[in-house]
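Participant: Got a structure for you, questions after.
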Amino acid sequence: MRKNIVAGNWKMNKTLQEGVQLAAEVRKQVEASGALKCEVVLAPPFIHLTEVCKVVAGSGIGVSAQNCAAETSGAYTGEVSAAMIQSIGCAYTLIGHSERRSYYGDTDQILSKKVKMALANGLKPIFCIGEVLAERESGIHFEVVKSQLEKGLFDLTTEEFQNIVLAYEPVWAIGTGKTASSAQAQEIHAFIRRTIELKYGAQVAQNTTILYGGSCNDANAAELFACPDVDGGLIGGASLVAEKFIKIAQAF
């Protein structure tokens, strides 16, 4: 039985004080909601992580970094290692977010190293994949997503891969005015699961959590989460308001 997850990627938003307040509000909303049918995960900026871990301790809310270094330690100014992230109580780290790929040059090879660093330090990677508008319009979106899986993850052992959470980002539908339908989300999620099955077998594929990382909000979450291969969401802007974020989690 695979896990449903609703993860909030705060990106570069909120001061430390605002972030602590938001985490406290999310905890309050989660506890008031009773038994949610998903795990709630918060991914705040690096400087927030220690305090957010303290705020949500004992609540069942997971905490994720937004990135991790591809190296163990050393002269890498500005980087944060997987060991550092794990040492403060984080369970997850995002790896390969479309913004990291496009703005900061995170190649498939670099991301593969980051995945291994995360796993070696007891973190669960939330590994992001997805195609841009030109790739979608050219009809090569399946090939792009398959290549990202193969180059970023498919040298992992079966045991290692079972610690991976995937997040599909329709980059072409984020900030472009175009919208991905629930049918399009289901189609690509099903393709991702089939691709995993061909590599690691049916049981591993069925147990892999695949999140939808498009413009998921409290209005469309229920329709998206009703898709058989959509196991939750990687939420951007809507995760910055506790009430909206929890409504998304309640959509299961």
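Participant: Among (1) crowded, with 20+ Cβ neighbours inside 10 Å; (2) of a type in the set (G, A, S); (3) at pLDDT below 95; (4) not in a loop (DSSP other than H, G, I, E, B), which single condition is A134 missing?
Facilitator: It is condition (1) that A134 fails.
Participant: Sticking with this one: All but one of (1) surrounded by 14 or more Cβ atoms within 10 Å (Cβ to Cβ); (2) under 21 Å from L153 (Cα atoms); (3) of a type in the set (S, T, N, Q); (4) out of contact with any strand residue (DSSP E or B) (no Cβ under 6 Å at 6 or more places or on another chain) hold for T107; which doesn't?
Facilitator: Of everything listed in (1) surrounded by 14 or more Cβ atoms within 10 Å (Cβ to Cβ); (2) under 21 Å from L153 (Cα atoms); (3) of a type in the set (S, T, N, Q); (4) out of contact with any strand residue (DSSP E or B) (no Cβ under 6 Å at 6 or more places or on another chain), T107 misses just condition (1).
Participant: Residue by residue through region 172-212, note down the ones that are part of a helix (DSSP H, G or I), closer than 20 Å to T158 by Cα, of a type in the set (V, I, T) and without any contact (Cβ under 8 Å) to a residue 60 or more places away in the chain.
Facilitator: Scanning region 172-212 gives T195, I196, V204.
Participant: Something else: Would a scan of region 43-62 turn up a residue that is within 24 Å of G214 (Cα to Cα) and either touching a Pro at 6+ places or on another chain (Cβ under 8 Å) or among the basic types (K, R) (or both)?
Facilitator: The answer is no, given that none of the residues of region 43-62 is within 24 Å of G214 (Cα to Cα) and either touching a Pro at 6+ places or on another chain (Cβ under 8 Å) or among the basic types (K, R) (or both).
Participant: Another question about this same structure. What number of residues in region 208-236 are over 21 Å from E143 (Cα atoms), surrounded by 15 or more Cβ atoms within 10 Å (Cβ to Cβ) and either within 17 Å of the chain's Cα centre (by Cα) or among the aliphatic types (A, V, I, L, M) (or both)?
Facilitator: 12
Participant: Counting only residues that are in a helix (DSSP H, G or I), aliphatic (A, V, I, L, M) and modelled with pLDDT of 95 or more, how many does region 153-171 have?
Facilitator: First, pick out the residues of region 153-171 that are in a helix (DSSP H, G or I): 153, 158-161, 171.
Next cut, aliphatic (A, V, I, L, M) only: 153, 171.
Imposing the further condition that a residue be modelled with pLDDT of 95 or more reduces the set to 153.
Here the count works out to 1.
The values are calculated or read from the model by the stated rules, or taken from the named source; none is laboratory data. Predicted model, so just to flag it, every value in this text is computed and none were measured. As a convention, Cβ positions derive from the backbone with ideal geometry for all residues, glycine included, and neighbour counts pool all protein chains shown.
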